[in-house]
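Data first, discussion second: the structure below is written as structure tokens.
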Amino acid sequence: MGTFAADENPKAKHRITRRAFLGLSAGALGGLGLYAGEISRHELSIEQHTIRLERLPDAFRGMRIVQISDFHYAEFTEAYFLREMVQQVNRLQPDMVLLTGDFISFGPLPYSFPRAHMPECAAILSGITCTARWAILGNHDTQIGPEYVIGPLQEHGISVLRNRYQAIERDGGRFWLAGLGSACLGD
């Protein structure tokens, strides 16, 4: 057998040095950060599910409900994207829209930032043409201060269910829609 110099060793060509590994790792983390921070947060996902409830009154059979959440407006979602989401919801022509929290974020910016932007978020959401619009708070909304979220939503015609329920009636049928506070934050 012949001898190989270090450069000619077939195994040496496939070796990853510590420096190369750290460089590749940094690149992968940077790519993940870019994807999560700039690309993924601007993706709308529309999924359709059929839910069958045996005791649901016939008046509600075929009811179309859209659920949307986690906008984290101003800190992580811009106005143009929220407007696009509202347009998508309107194209679906739902019978009811459920807004399930985290309208704003409690970090990393100071609380004054999301509090100042919540009225703009609520104004954009008021563009949802479905009149049966119901909201609950998310943990971020509760952390920032419920009054900063509930007030603007209600001022723009979006009802908030916070530890309360509402009868939903249609053609003689009825079901109860309930919204709870945050168990984690003692709400």
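The values are calculated or read from the model by the stated rules, or taken from the named source; none is laboratory data. Keep in mind that what you see is a predicted model, and the values were worked out from it rather than measured. Note that we place each Cβ from the backbone using ideal geometry, even for glycine, and neighbour counts take in every protein chain shown. Calculation scope for accessible area: heavy atoms of the full protein, side chains included, ligands and nucleic acids excluded. Shrake-Rupley method; radii C 1.70, N 1.55, O 1.52, S 1.80 Å.
A few points about this structure:
- Net charge of neighbours whose Cβ lies under 13 Å from the Cβ of R115, counting Lys and Arg as +1 and Asp and Glu as -1: -4
- Scaling the Cα radius of gyration of region 51-94 by the globular reference 2.2 N^0.38 Å produces a ratio of 1.61.
- Environment charge of H156, counting only residues whose C-beta is closer than 13 Å and scoring Lys/Arg +1, Asp/Glu -1: -1
- Efficiency of FRET between R83 and T17 - r from beta-carbon atoms, R0 41 angstrom, step 0.05: 0.25
- Potential lengthening between R170 and C184 on full extension [0.36 nm per residue; Cα-Cα distance subtracted]: 1.6 nm
- Residue-wise HN-Hα couplings along region 120-130, as the Karplus relation 6.51 cos²θ - 1.76 cosθ + 1.60 with θ = phi - 60° gives them from phi, are 5, 4, 4, 4, 5, 5, 5, x, 5, 7, 5 Hz; Gly and Pro carry x.
- When the P(r) of region 63-187 is calculated, the portion above 19 Å amounts to 45% of the C-alpha pairs.
- With both residues required to sit in region 53-187, DSSP beta bridges show an antiparallel share near 40%.
- Placed amide H near S159: partners under 5 Å, 5+ positions off or other chain: R133, A135
- Accessible area of Y148 in the full protein assembly, 1.4 Å probe (Å², nearest 10): 90 Å²
- Highest mean first, the peptides 59-69, 88-98, 133-143 sorted by other C-beta atoms within 10 Å per residue fall in the order 133-143, 88-98, 59-69.
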